[in-house]
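The values are calculated or read from the model by the stated rules, or taken from the named source; none is laboratory data. All of these numbers come straight from a predicted model, not from anything done at the bench. No Cβ is skipped: glycine too gets one built from the backbone with ideal geometry, and neighbour counts run over all protein chains shown. With ligands, DNA and RNA removed, areas are computed over all heavy atoms of the protein, side chains included. Shrake-Rupley method; radii C 1.70, N 1.55, O 1.52, S 1.80 Å.
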Amino acid sequence: VSDAAAVVTVNGNQVETSEDGTFSVPVELRYGENTITVNATAEDSEPVTRTVTITRVLTLQVVSPQDNAEVTESPIIIKGIVSDPSAVVTVDGLEIELADNGTFSTSLELDQGENTIVVSATAEEQEPVTKTLVVRYIPSE
């Protein structure tokens, strides 16, 4: 804010501003649309209100292997990250453990030839997110 003495609220809760007028406050985001309203009121001025809408969705990224990869060894390591560490992640239907930051890594035995691998993530009140990749296992001779 331009006046460090202004009273600032975020979603109705008063927040502290620094001497230069900046402020920071954590806001918990639920899945779906989240409206954040910031109001600043300074002496002898009209209140100023700004509103922003943030949409939170569950995301899933498979880091390795890449889709359509060809490998010469089995098992392989499936690595990825999910945006919500409380989500349930499965690889080919088997639940795997997540780290506190949402990353995961698991070993998967392949059949010779083409393998379709399905990685899914589900979180409360969210549609499942699924990534399907194909990995070709060609044993080295």
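Could you work out how much longer the chain between N11 and D111 gets when fully extended? Use 0.36 nm per residue separation minus the Cα distance between them, nm to one decimal.
Working: separation 100, 0.36 × 100 = 36.00 nm, distance 5.41 nm.
Between N11 and D111, full extension yields 30.6 nm more.
Let's see if you can work this out: charge +1 on each Lys and Arg Cβ, -1 on each Asp and Glu Cβ, no other charges. What is the dipole magnitude of the chain about its Cα centre, in debye to the nearest 20? Each step should come with its number before you reach the end.
Details: 6 positive and 24 negative charges, 47 e Å.
My answer is approximately 220 debye.
Using a 1.4 angstrom probe on heavy atoms only, work out the carbon and sulfur share of the accessible area of the chain in %. The partial results should precede the final answer.
Working: 4280 of 9410 Å².
Here it works out to 45 percent.
Just the number, please: Stokes-Einstein D of region 1-115 in µm²/s, Kirkwood Rh from C-alpha pairs, 4 °C, 1.567 mPa s. Walk me through the numbers on the way to the answer.
Values: Rh = 18.3 Å.
The Stokes-Einstein estimate is 71 µm²/s.
Using a probe radius of 1.4 Å on heavy atoms only, what accessible surface per residue do you get for the chain? Whole Å² is fine.
Numbers: 9410 Å² over 141 residues.
Counting only protein heavy atoms, the per-residue value for the chain is 67 Å².
Filter the GluC sites (Glu not before Pro) in region 60-101 to those in DSSP coil with at most 12 other Cβ atoms within 10 Å of their Cβ, and list the result. Write out the running numbers ahead of the final one.
Numbers: sites: E70, E73, E95, E97; in loops: E73, E97.
Here the GluC sites (Glu not before Pro) that fit, given the DSSP loop and packing criteria, are E73, E97.
Go ahead and run the numbers for FRET between I138 and A99, Cβ-Cβ distance against an R0 of 41 Å, rounding to 0.05.
Numbers: r = 31 Å, r/R0 = 0.77.
Efficiency for this residue pair is about 0.85.
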